[in-house]
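Enquirer: Structure incoming, see below.
The values are calculated or read from the model by the stated rules, or taken from the named source; none is laboratory data. The shown structure was predicted, so the numbers you read here are calculated from the model rather than taken from an experiment. Here the Cβ positions follow ideal geometry from the backbone for every residue, glycine too, while neighbour counts run over all protein chains shown.
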Amino acid sequence: MFPDRQKKSYRDFYESARLNEFLDEKTTILLHLAAALALGCYP
C-alpha cells in the first residue's frame with residue numbers, strides 16, 4: 001500500500017505518540033484518530 005520509507009515514518013510517529021509522557025489520554029486518542037483519518041483508514 002505504502003512505500004517502506006513512508007510506513008517507517010508513520011510507525012515512528014505512531015509509537016512516539018503512543019508512548020508519550022507529555023500528552024493526556026484524550027489528546028493522544030484524538031491524535032491517533034486524526035492520523036488514521038489522514039491515511040484514509042476508518043477508526
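Enquirer: Tell me whether the range 22-29 contains one or more residues that are modelled with pLDDT under 85, surrounded by 10 or more Cβ atoms within 10 Å (Cβ to Cβ) and either on the phi < 0 side of the Ramachandran plot or in a loop (DSSP other than H, G, I, E, B) (or both).
Expert: First pass over the range 22-29, keeping only residues modelled with pLDDT under 85: none.
No, every residue in the range 22-29 fails to be modelled with pLDDT under 85, surrounded by 10 or more Cβ atoms within 10 Å (Cβ to Cβ) and either on the phi < 0 side of the Ramachandran plot or in a loop (DSSP other than H, G, I, E, B) (or both).
Enquirer: Is it the case that the range 13-28 has a residue that's touching a residue at least 12 places away in the same chain (Cβ under 8 Å) and over 8 Å from the mean Cα position of the chain (by Cα)? Before you say what the answer is, go through the steps one by one.
Expert: Of all residues in the range 13-28, those touching a residue at least 12 places away in the same chain (Cβ under 8 Å) come to 13-14, 17-18.
Restricting the remaining residues to those that are over 8 Å from the mean Cα position of the chain (by Cα) gives none.
No, every residue in the range 13-28 fails to be touching a residue at least 12 places away in the same chain (Cβ under 8 Å) and over 8 Å from the mean Cα position of the chain (by Cα).
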